[in-house]
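Each remark here refers to the structure printed beneath this line.
The values are calculated or read from the model by the stated rules, or taken from the named source; none is laboratory data. Here the structure is a predicted model, which is why all the values come from computation and not from measurement. Neighbour counts are summed over all protein chains in view; Cβ atoms, including those assigned to glycine, are modelled from backbone coordinates with ideal geometry. Surface accessibility is based on the protein's heavy atoms, side chains included, excluding ligands, DNA and RNA. Shrake-Rupley method; radii C 1.70, N 1.55, O 1.52, S 1.80 Å.
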Amino acid sequence: MSRSDFVACAPGLEPLLVDELRELELEIDRSLAGGVELSGEPETLYRVLLGCGLGLRVLVRITGFVAREFAKLERELDRIDWRHWIRPGEVIEVRATARRSRLYHTGAIVERVERAIARQLDVAVPSDRGEPTTSVYLRNEGDRIEVSIDACGAPLHKRGWRVESGKAPLREDIARALLRLVGFEADWGLLDPVAGSGTLVIEAATIAAGLAPGIGREFACMRWPDFDTAAFARAQARFVVPASKAPLPPIHGRDRNQGAVAIAKANAARAGVGDRVEF
C-alpha cells in the first residue's frame, strides 16, 4: 500500500533533512516548515526510520478531508478502516490541533476520534490502561483536516543508547546537524573538549562506523496489523556495514567532570562504538 509520510524535524533543519533523505535514495515530494513530505511503499517508511538521523518523528497520513461541522467529521472518521492501523487492545493517544477552523474545540475533536476508533476496535485511552502504544494526530487547518498515525513511538532522536545524561545535554539530532554543517566525513578525526555525556562524539563515531541511527530500535509501526516484515528486512539490509580493517579515525571526548566522562563511556558502549572513541 502506498504511503504519504511527513518527516518532522527541528525548525531550521529542513534543508539538511532534505539532503539526508536524498542520500538515502528517497524521493522528496516537498519541503515544508517543520519537516519534509515524501511518499512510497512501506519500505520507504522503514528506510526513513532506520536511516534518518535528523528527523524527530514520522507521521503517516491516513486520510484528508474538509469538515465544518462535527457530523461531517464523524462520518469521515467512520470511513477510516482503523483495523488497518491499530490492533485490538492497544492503548490509544489522540492529539488534535485547530487553526482558523470552525471546529476549533480540540477536546471535542479528540473525543470524536476516540469514539470512531472504539466503534471498530477494543481499545482504550491512556488514562484507562497506562502508557499509550499508538498515537493518532488530527490537524485541522482552515477546515481542512488531516489524520495521521505516528510510526515511531519514541522520537527518532532518542537512539536508545543515552540512558544517562549530564546537565543540559545536546540532543542527538542537533549533534548530527552540527556534524553535517561542518561537512564531517567518516574518515575525519574529532575532538570535543566539552563532551558532557558524549552525544557529539558518539554521533560522529556512529557516522565513522557506518551505523544507521535507527538500527536496533523498535518502532510503533511494528505493531500495525499490516507491518511488512519482509520489507523491513530489506530496508535493514541496506544498512549492514561490511567488516573493515581500515584504521579508525581518532575520535576523542574530554570533560572536566569525571562523572560525565563515566556516563559518556557507558553511552558509547551502548551505542556500539565504545571501542571507537576515547574519553
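Some notes on this structure:
- Restricting ILE62, ILE145, ILE109 to residues that are without any contact (Cβ under 8 Å) to a residue 40 or more places away in the chain and not in a loop (DSSP other than H, G, I, E, B) narrows the list to ILE109.
- Of the candidates ASP19, ASP81, the single residue that is of a type in the set (D, E, K, R) and free of Cβ contacts under 8 Å to residues at least 60 places away in the same chain is ASP81.
- Restricted to the range 42-74, and to residues there that are over 18 Å from ALA154 (Cα atoms) and out of contact with any strand residue (DSSP E or B) (no Cβ under 9 Å at 6 or more places or on another chain), the residue that is most open to solvent (accessible area, probe 1.4 Å) is ARG68.
- Selection from the range 233-277 of residues that are among the acidic types (Asp, Glu) and either surrounded by fewer than 16 Cβ atoms within 10 Å (Cβ to Cβ) or touching a Cys at 6+ places or on another chain (Cβ under 6 Å) (or both): ASP275
- Among the residues of the range 251-271, those identified as under 15 Å from ALA204 (Cβ atoms) and not charged (D, E, K, R) are ILE251, HIS252, GLY253, ALA264, ASN267, ALA268, ALA271.
- Check on ARG115, over 23 Å from LEU49 (Cβ atoms), open to solvent by 50 Å² or more (accessible area, probe 1.4 Å) and outside any loop (DSSP other than H, G, I, E, B): yes
- Hits in the range 69-90 - residues which are within 25 Å of the chain's Cα centre (by Cα) and acidic (Asp, Glu): ASP81, GLU90
- Checked against the criteria, LEU16 does not count as modelled with pLDDT of 95 or more and open to solvent by less than 20 Å² (accessible area, probe 1.4 Å).
- Condition check for LEU49: part of a helix (DSSP H, G or I) and closer than 19 Å to ARG223 by Cα: yes
- Inside the range 163-213, residues that are β-branched (Val, Ile, Thr) and either in a helix (DSSP H, G or I) or under 15 Å from PRO249 (Cα atoms) (or both) make up a count of 6.
- Per the listing ARG144, ARG139, ARG217, the residue uniquely touching a Gly at 6+ places or on another chain (Cβ under 8 Å), closer than 30 Å to ARG79 by Cα and either of a type in the set (Lys, Arg) or open to solvent by 50 Å² or more (accessible area, probe 1.4 Å) (or both) is ARG144.
- Top-ranked residue of the range 153-205 - restricted to ones that are of a type in the set (Asp, Glu) and farther than 20 Å from LEU17 by Cα, ranked as nearest to the chain's Cα centre (by Cα): GLU164
- The residues of the range 72-106 that are in contact with a Pro (Cβ under 7 Å, 6 or more places away or on another chain) and either modelled with pLDDT of 95 or more or assigned to a strand (DSSP E or B) (or both), listed by number, are VAL91, ILE92, GLU93.
- Selection status of LEU190, over 30 Å from ILE80 (Cβ atoms), modelled with pLDDT of 95 or more and surrounded by 14 or more Cβ atoms within 10 Å (Cβ to Cβ): yes
- Of all residues making up the range 156-187, the number that are of a type in the set (A, V, I, L, M), surrounded by fewer than 18 Cβ atoms within 10 Å (Cβ to Cβ) and closer than 22 Å to ASN257 by Cα: 2
- Residue in the range 88-108 that is touching a Ser or Thr at 6+ places or on another chain (Cβ under 7 Å), of a type in the set (S, T, N, Q) and open to solvent by 30 Å² or more (accessible area, probe 1.4 Å) present: yes
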